[in-house]
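The values are calculated or read from the model by the stated rules, or taken from the named source; none is laboratory data. The shown structure was predicted, so the numbers you read here are calculated from the model rather than taken from an experiment. Cβ sites come from the backbone with ideal geometry, for glycine too, and all protein chains shown count toward neighbours. SASA here: full protein model, heavy atoms, side chains in, ligands and nucleic acids out. Shrake-Rupley method; radii C 1.70, N 1.55, O 1.52, S 1.80 Å.
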Amino acid sequence: MPKQIHLAAQLPGIHNVTVWSDPRSGSQIAIGSFVHLARTAERGKFDFFFLAEGLRLREHKGRVYELDVAGRPDNLTMLSALAAATTRLGVAATVNATFNEPYEVARRLATLDHLSGGRAGWNVVTSFDAFTGENFRRGGFLAEADRYSRAAEFLATARELWDSWHGADVPADPVSGRFVRPGAGAFTHHGGHFDIAGRFTTPRSPQGHPVVIQAGESDAGRDFAASDAEVVFSKYNRLEEARAFYRDVKGRLARYGRSPDDLRIMPTATVVVADTDAEAAAYADEITRAQVSPQTAIAHLEAVWGRDLSAYDPDGPLPDIDPEPESLVLKGHSVFRTGRAETARRWRALAHERGLSIRELVIEVHGGQTFVGSPHTVADAVDHFVQTDGADGFVFATHLTPGGLDDFVDRVVPLLQEKGVHRPDYTGTTLRDHLGLRRPPDTGRTSRTASAQWEGSAS
Amino acid sequence: MNDSPLHLAVALDGAGWHPAAWRSEGARPGALFTPGYWADLVAEAERGLLDLVTFEDALGPQSAAPHRPDDRTDQVRGSLDAVLLASHLALLTTRIGLVPTVNVTHTEPFHVAVGIATLDHVSEGRAGWRPQIASRAADAAHFGRRTTPQLTDDDLRDPELIAARLRPLFAEAADVVEVARRLWDSWEDDAEIRDTATGRFLDRDKLHHIDFEGAWFSVRGPSITPRPPQGQPVVASLAHASTPYEFAARASDVVFVTPFDRAGATAVLAQVAEAADRVGRDLRDRPLRRFADLVVLLDDEPGAAARRKERLDALAGAEYTSDALVFTGTPGELADLLLDWRTAGLDGFRLRPGALPHDLTAVTRRLVPELRRRGAYRSAYGTGTLRERLGLPTPRNRYAGQG
């Protein structure tokens, strides 16, 4: 039996994926845009809808970055609303482990799981930079080296909080007069990052724990995924590199007593569908050119060079002057944070070898669209990618808000269903059901105390 | 006589405000954590054309004592996050205002502001919130980041003693509201330009750092969320003493007060007006809507509501009292009281149903028609945002035109 493909959709809130200059491009913030995209994903029997988080607007040369879409909602608040506009679709959000505390995050995620009837997912990420910290009480308090220990302890603490309520803790029996069982919600966690105790407010949610998602390509990130995550997002959407990542991460699971089936690997991807392969290819080029406007080409170049290059012609050659590796002109954009001297060397070599202008170069390194072609071509490519263990599925980011998923759902999804690799309808009600993930055991109140593991990890 | 429209809000909390409400006939105690339970309640409130509903919340379980946790198992314990709950209900309603309670002592001001802005976008202009300080010291241990004052049994005898002890938390809460208001304004309404000629989605001259620096935290901004439809979602606060009156005068658009009779209402409103004077707020320029809170148990038959309360008191093992007047009577009697108190200058009332859904339905199906019969309540929702319904002016963006 072929592998079943897991599909997710996101509404990109920043970056140049979204072609806002297209006349069909709608609002980035209106509730109607989110409802349209979520309902389209549900019509296509997707596993879930995903929203990243925003903690600070990106800045370029000290001012707010103007060229990309911006302006997005608090994701858990938006997903709570969308849970009322859908009935089966999972709803997943990135929530930062640095600028939040476990009690509140665990509570909000448990609430989303209750409100959605068991459809919540949580992409655990960490930040450490002082730039983002300027919007928060503690500022940039976390050292980069402590990122994963904080994330791991944060997640473990959230799980302790979710487990502090047993499934049977709310008898709500008017005859006996017992609403709640004694001790429900009691917890104690003494660790290096968190030292907390008391009572958790929110009864055990339908999934027990929301589905835990993780994204991270580093060695530590892969280990965290293998030990703790149930879904992994990755940037590897080219088949060979994707297979290598897939093999590596799935291979790590056994070390943590887990089976390869306990983790779904889902790269982010884009898709362009047209009647014929040739039309789709032309349309994909058009999209990529729109994504890399002349101004965007210069801005990306400045991000790598670390200096003002506004005097350069985007249709001319790359600058002769060298990058300033210490200077950061684009803040809040993780892609351009490190390794910029090496990137500049690579870009120069490529431009020289191929005779590319600045904009052509940026288009080239941008990478274009992931799946391009007629509906049959795209369906075959998506299926092949999954069946040959490049992935378990994809998170699609669409270049048009909110209609960018329509073609895929109307024209490609039926083909995947015909192939028997995508569900004709939902067979379960929870996100765990869709992803084929086990429910965590309802072990009752097992608050750990004085966990040496956490104390050690943060020293 | 007050000829401005009368405003009515309902405060939703668990199975109702009486601690034994969950054991009443018609209660759905097993459904308190399901979305359908709340959807039904809010639909009923909207059917009654109420201005808004509020949702209680706290970062710790409910307790019979306001200042410390308890181990009781015979009362409702457990809750959902109120902002997310309100947002979930936004797409299931079309007119009613949604006002969740939000703790501002243990949360991040930036997250709070963005959450309420999102609620306003989702509900297309029906969002409010009630910033609430942490009055229970035990809740601080849930976060492990700070300590907050422990109230004593003696403090509880007098709201002024409570307020005095919690005064620093109120000052910090005022900073949180200030940050939220600045963040909501940090995007001008026309910041999104989509100018293909220059390749710009945004005009950065219309986005503003807020550069708030206070005694407890600083926030740089701008918000990640465009300016909400109301510009400034409605800020509401509950107040029983001079410090919270001053907080309301500084920070709020709506204040919930708790007089026990008409003379008390007159006195409280005078204190609120004095507080506004002290903080230099011109109420003609920036109106403050004053609602009186009442717990209500309503039955058509005279005496039935009082008997029902006695039964609930017996189940609870103690007579139920509250920070607000506990009214038992007929919908007609309540209408008499509301219209009488209103002459003190109140703009409206926030009714706390003793038991759900019974006392909510009594408000929407008996009280509201009775008020309407007396020409004192609307017969249809108008169009417009929650601010507009409350007669609050459309706020000018503080950063507009600054470049």
Take B:Arg365 and A:Asp425, extend 7 Å from each Cα along the Cα→Cβ direction, and tell me the distance between the two endpoints in nm. 3.5 nm
Order the following by accessible area, largest value first: A:Lys235, A:Lys61, B:Lys206. Probe radius 1.4 Å; ligands, DNA and RNA are ignored. A:Lys235, A:Lys61, B:Lys206
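Figure the gain on full extension for B:Glu213 and B:Arg307 (residue separation times 0.36 nm, minus the Cα-Cα span) and round it to one decimal in nm.
So the chain would gain 28.4 nm between B:Glu213 and B:Arg307.
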Between 0 and 90°, nearest 10: helix A:31-43 axis offset from chain A longest Cα axis: 80 degrees
Quick one: check the C-alpha center-to-center distance for the range A:166-226 versus the range B:126-146, whole angstrom. 19 Å
How high is the FRET efficiency between A:His376 and A:Ser259 when r is their beta carbon distance and R₀ equals 30 Å, given to the nearest 0.05? 0.30
Under-28-angstrom lysine pairs by C-alpha in chain A, whenever the two are 8 or more apart or on separate chains: 13
Could you give the nm distance between label points at A:Ala145 and B:Ala318, where each point is 7 Å from its Cα heading toward the beta carbon? 5.3 nm
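Can you give the helix-only mean residue ellipticity at 222 nm for chain B, where every DSSP H stretch with n ≥ 4 adds -39500 (n - 2.57) and the sum goes over all residues, rounded to the nearest 500 deg cm²/dmol?
It comes out at -9500 deg cm²/dmol, rounded to the nearest 500.
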For chain A, longest principal axis from Cα atoms; helix A:219-228 axis from its Cα atoms; angle between them, nearest 10 degrees, is 30 degrees
Estimated FRET transfer efficiency when R0 is 35 angstrom, pair A:Thr276-A:Asp248 (beta carbons, to 0.05): 0.40
Compute the distance in nm between two label points, each set 7 Å from the Cα along the Cα-to-Cβ direction, one at A:Ser327 and one at B:Asp336. 8.0 nm
Residues of B:210-220, mean number of Cβ from any other protein chain within 10 Å of their own Cβ, rounded to a whole number? 2
Förster-model FRET efficiency, 41 Å R0, A:Glu418 and B:Asp189, C-beta, rounded to 0.05: 0.30
For chain A, what is the calculated [θ] at 222 nm in deg cm²/dmol (nearest 500), taking -39500 (n - 2.57) for each run of four or more DSSP H residues and dividing by its residue count? -10500 deg cm²/dmol
What do you get for the angle between helix A:147-163 and the principal long axis of chain A? Use alpha-carbon atoms, 0 to 90 degrees, nearest ten. 40 degrees
